[in-house]
Amino acid sequence: MNLPVSGPLRVWLLALLALWAILLFGGFIFGSLDAAQSQRIPTWLRIASSAVLVVAAWSWWLAGVQDKGVALLIAIGMTLGFFGDLFMAGLLPASPRVLWGMGAFGLGHVAYIAAFMRLAQVLGLTASQPRWLAWLFWLLIGAVAWYFVVFRGQQASVLHWAALPYALLLASTTGLATGLALQARTFIPLALGGALFLTSDLILAAQLFNGLSFFLIGSIIWLTYGPAQALIVTAAQKHP
C-alpha cells in the first residue's frame, strides 16, 4: 500500500496493516465454519483486526505528519467503529445491542464526515458541483436502500426508523468521499472505502431486518467492512 509517510513511521504502519490483514483474512482462510454456516472468522480475530486499525489511526495522529485535525477525527471515527464492533458482538453489556452498535457507528461516521469536510478545506477541494452532486447521489441510494432492505413489508419499530438516519449518515460519508475523489484521484480508495462500508451495512441490515441468509454471509459482511475501515483510515491521510 502506498502510504504518504516514510522512515520508521512507514515501517510501523505497514506492519500494523500487515497484522490487520493476517488477522482478518487469515481468520477467514484458516478459521472453522460456525454452526450457522455464515462465519469462518472467529470473533476474537475480527475484534482484534479492528483494534489494530484503531492503533494505526491514533499512530497517524500522534506522528503529526498529516493535518492533525483530519487525523484526530479519523482516529475518533475508527475508535467509535471499534466500540460498534464490540456492541454488535455482544462483548459490551448493552441492550439492544444492534441499537447501541448503530449509535456507535453513526457517531463514528459523523467524525468521518467532519474529517472529509476539513480535508476538503485544507486541500482546497471545495468545488461545489462534484461535492454536492456526489452527496445527493449517495443520499438517494441510502434512502432507497433503507426502504427496500429495512422498511418495506415490515411492521416498523423504533429500530427500523433509527436505521434511516443511520443509512443516510453512511451514504453521506460515501458521498463526501466521492466528491473528494472526483476532484483528486488519490482519494478514489477513500470513496471505495465508503462504498464498501455502505455495502457491508446493507447486507447486515438485510440479515437483521429481513432474515437474509446465505453461505458465509457473516464472513462477507466482515470482508467488506474490514477493508472499508482500512481504506478510510489510510486513504484519508493522503494528499494529492
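Can you say whether L190 is touching a residue at least 40 places away in the same chain (Cβ under 8 Å), surrounded by 17 or more Cβ atoms within 10 Å (Cβ to Cβ), of a type in the set (A, V, I, L, M) and not in a loop (DSSP other than H, G, I, E, B), as far as the supplied structure shows? Considered against the rule, which asks whether it is touching a residue at least 40 places away in the same chain (Cβ under 8 Å), surrounded by 17 or more Cβ atoms within 10 Å (Cβ to Cβ), of a type in the set (A, V, I, L, M) and not in a loop (DSSP other than H, G, I, E, B), L190 comes out as yes.
Among the residues making up the stretch 199-239, those that are part of a helix (DSSP H, G or I) and within 18 Å of A56 (Cα to Cα) are Y225, G226, P227, A228, Q229, A230, L231, I232, V233, T234, A235. When the stretch 108-134 is filtered for residues that are crowded, with 18+ Cβ neighbours inside 10 Å and under 15 Å from T79 (Cβ atoms), the ones remaining, listed by number, are G108, H109, A111, Y112, A114, A115.
Would you please name the residue that is most open to solvent (accessible area, probe 1.4 Å), looking only at residues in the stretch 25-35 that are of a type outside the set (A, V, I, L, M, F, W, C) and closer than 18 Å to A230 by Cα? Checked the stretch 25-35; the qualifying residue most open to solvent (accessible area, probe 1.4 Å) is G26. Please specify each residue of the stretch 209-240 satisfying the condition of being closer than 15 Å to F82 by Cα and among the small types (G, A, S). Of everything in the stretch 209-240, those that are closer than 15 Å to F82 by Cα and among the small types (G, A, S) turn out to be G226, A228, A230. The single residue among L182, L212 that is modelled with pLDDT of 95 or more and open to solvent by 40 Å² or more (accessible area, probe 1.4 Å) turns out to be L182. Checked against the criteria, V65 does not count as without any contact (Cβ under 8 Å) to a residue 60 or more places away in the chain and open to solvent by 60 Å² or more (accessible area, probe 1.4 Å). Per the conditions (1) under 30 Å from Q121 (Cα atoms); (2) touching a helix residue (DSSP H, G or I) at 6+ places or on another chain (Cβ under 8 Å), the sole criterion not satisfied by L62 is (2). The C-beta contact set for the stretch 47-58 (first residue farther than 12 Å from I232 by Cα, second residue open to solvent by 20 Å² or more (accessible area, probe 1.4 Å), distance under 6 angstrom, 6+ apart or interchain) comprises A48/L23; S49/W20; S49/L23; S50/F82; V52/L19; V52/W20. Would it be correct to say that L196 is open to solvent by 40 Å² or more (accessible area, probe 1.4 Å), hydrophobic (A, V, I, L, M, F, W, C), farther than 20 Å from G101 by Cβ and not in a loop (DSSP other than H, G, I, E, B)? Judged against the criteria, L196 is not a match.
If the condition is being among the β-branched types (V, I, T) and surrounded by 22 or more Cβ atoms within 10 Å (Cβ to Cβ), then the stretch 36-51 contributes only I41. Scanning the stretch 146-157 for residues that are in contact with a helix residue (DSSP H, G or I) (Cβ under 8 Å, 6 or more places away or on another chain), hydrophobic (A, V, I, L, M, F, W, C) and open to solvent by 10 Å² or more (accessible area, probe 1.4 Å) gives W146, V149, F151.
The values are calculated or read from the model by the stated rules, or taken from the named source; none is laboratory data. These figures come from a predicted structure and were not determined experimentally. Positions of Cβ are backbone-derived with ideal geometry, glycine not excepted, and every protein chain shown enters the neighbour counts. The protein model used for the area step is the full one, side chains on, heavy atoms only, and it has no ligands, DNA or RNA in it. Shrake-Rupley method; radii C 1.70, N 1.55, O 1.52, S 1.80 Å.
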